[in-house]
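Reviewing the structure listed below.
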Amino acid sequence: MPKERLLQSQQEDRAKGLSENHIQQLKVYFTQYIYDVANSIKLRQRVAATAVVYFRRLYAGSSFSAHDPHLVAPGCLYLASKVEESVVAAKLLLASMKRLRPAWQYELKDLLDMEMVILEELDTHLVVFSPYLSLAKILESDAQLADLGQNAWAALNDVYRTDAPIIHAPHVLALGCLYLASVICSRDITAWLEGVDVDTNQIYAVSLELISVYECYRVPISQEECARLLAVVRPPPTLPAAAAAAQPPLGGMAAGGQQAAAGGAAVGVMG
């Protein structure tokens, strides 16, 4: 998927007030969200990585306004567990969500329905080729690269916090992470890269994506900030006029206390 197309995605969210920076902050937040849930139920890292790719691909053609990422994220993980043959029971995933996010508002039917939505949004294109095998083969091919391995693997884990996995081929991701590792280790592998049949501009682009994440999004935003940003495009539901009129009047200290409690509940649900 071209980078230019991604920059034009989520127009509905942008029209409602989210900036490119806000969108990236939310994507990084929900990437970590997916990894946290996967770790809690002991799913393989590859399953989480595939789920992140699904998540980013879905929002490349949709918006936070249309689909709540709090439900999309576990839905992607549930689908990825099937595709990667590490199937997790939907009830177990639901229990984990409610344990990690006590205010999570969805039920089993919502999760199963979201799986169908994701399948439709992705047009059933579910195969994700992993860059981990590519990196392993590259490191095995030349003993002189062995000392770059640790940093390259760390960078490859972090690359899923960027849009690079839905822009570049797996071997390009691996090479981009290897190049970044060489920079960290003060090794010049430019001559070696020139001997590889890959556009070096793509390799450098992957490295730049990672550097941007390290500089701008190293620490994910808080649950509260996530709730605040999503409220811009997904305002909390309001009571119908008739129901609102039937509510008892609020006043004085009691009114302030109830309003504060309601605000706290809204933040909890979003987080």
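The values are calculated or read from the model by the stated rules, or taken from the named source; none is laboratory data. All values reported here derive from a predicted model rather than from experimental measurement. Using ideal geometry, Cβ is built from the backbone for each residue, glycine included, and neighbour counts are taken over all protein chains shown. Accessible surface areas use protein heavy atoms only, side chains included; no ligands, DNA or RNA. Shrake-Rupley method; radii C 1.70, N 1.55, O 1.52, S 1.80 Å.
Mind giving me the FRET efficiency for D188 and R5? R0 is 35 Å, r the Cβ-Cβ distance, nearest 0.05 is fine.
Computed FRET efficiency for D188 and R5 comes out at 0.55.
Quick one: angle between helix 223-233 and the longest Cα principal axis of the chain, in degrees between 0 and 90, rounded to 10, please.
Roughly 80 degrees between the two axes.
What does the accessible area per residue of region 77-208 come to in Å², with a 1.4 Å probe and no ligands, DNA or RNA counted?
Per residue, region 77-208 has 50 Å² of solvent-accessible surface.
Report, in whole Å, the centroid distance computed from the Cα atoms of region 18-78 and region 181-201.
Taking the Cα centre of each part, region 18-78 and region 181-201 sit 31 Å apart.
Using Cα atoms only, what is the angle between the long axis of helix 45-60 and the major principal axis of the chain, expressed in degrees (0 to 90) to the nearest 10?
70
Can you give me the % of accessible surface on the chain that is carbon or sulfur? Probe 1.4 Å, all protein chains present, nothing else counted.
57
Can you tell me which of V128, V219, V233 moves the most in a GNM of the chain? Springs connect C-alpha atoms under 10 Å apart.
V219
What FRET efficiency do you get for S19 and A143 if R0 is 41 Å and r is their Cβ-Cβ distance, rounded to the nearest 0.05?
0.35
Can you sort D13, D110, D188, D147 by solvent-accessible area, 1.4 Å probe, largest first?
D188, D147, D110, D13
Accessible area of K82, 1.4 Å probe, to the nearest 10 Å²?
It works out to around 80 Å².
So, how do all the Cα-to-Cα distances of the chain break down into 10 Å bins, in percent, from 0 on up?
Over the chain, the share of Cα pairs per 10 Å bin runs 6, 26, 31, 21, 10, 4, 2, 0 percent.
Let me know the shape class of region 64-107, please: from the alpha-carbon gyration tensor, a ≥ b ≥ c as square roots of the eigenvalues, rounded when a/c is under 1.5, otherwise prolate if a/b is greater than b/c, or oblate.
Taking the square roots of the gyration eigenvalues as a ≥ b ≥ c, region 64-107 is oblate.
Compute the length gained on full extension between D197 and S40: take 0.36 nm times their separation in residues and subtract their Cα-Cα distance, giving the result in nm to one decimal.
52.5 nm
May I ask you to rank K109, K3 by accessible area, largest first, using a 1.4 Å probe over the protein chains only?
Ranked from most to least accessible, the order is K109, K3.
Looking at this model, which pairs from K3/K98; K16/K91; K42/K98; K27/K109; K3/K109; K27/K82 are more than 28 angstrom apart at the alpha-carbon?
From the list (K3/K98; K16/K91; K42/K98; K27/K109; K3/K109; K27/K82), the Cα-Cα distance tops 28 Å for K3/K98; K16/K91; K3/K109.
Quick check on region 53-128: take the gyration tensor over C-alpha atoms, sort the square-rooted eigenvalues as a ≥ b ≥ c, and tell me if it's rounded (a/c under 1.5), prolate or oblate.
Oblate is the answer for region 53-128, as a/c is 1.5 or above yet b/c matches or exceeds a/b.
If I build a Gaussian network model for the chain, linking alpha-carbon pairs within less than 10 angstrom, which residue out of A73, A231, A15 has the largest mean-square fluctuation?
The residue with the greatest mean-square fluctuation here is A15.
Would you mind calculating the relative contact order of region 1-136 from Cα pairs under 8 angstrom and at least 6 residues apart, reporting the percent as a whole number?
Relative contact order comes out at 26 percent.
Any idea how far apart S222 and V117 come out in nm if each label point goes 7 Å out from Cα toward Cβ?
Reported label-point gap for S222 and V117 is 2.8 nm.
Relative contact order for the chain: what percent, with Cα pairs under 8 Å and sequence separation of 6 or more?
23
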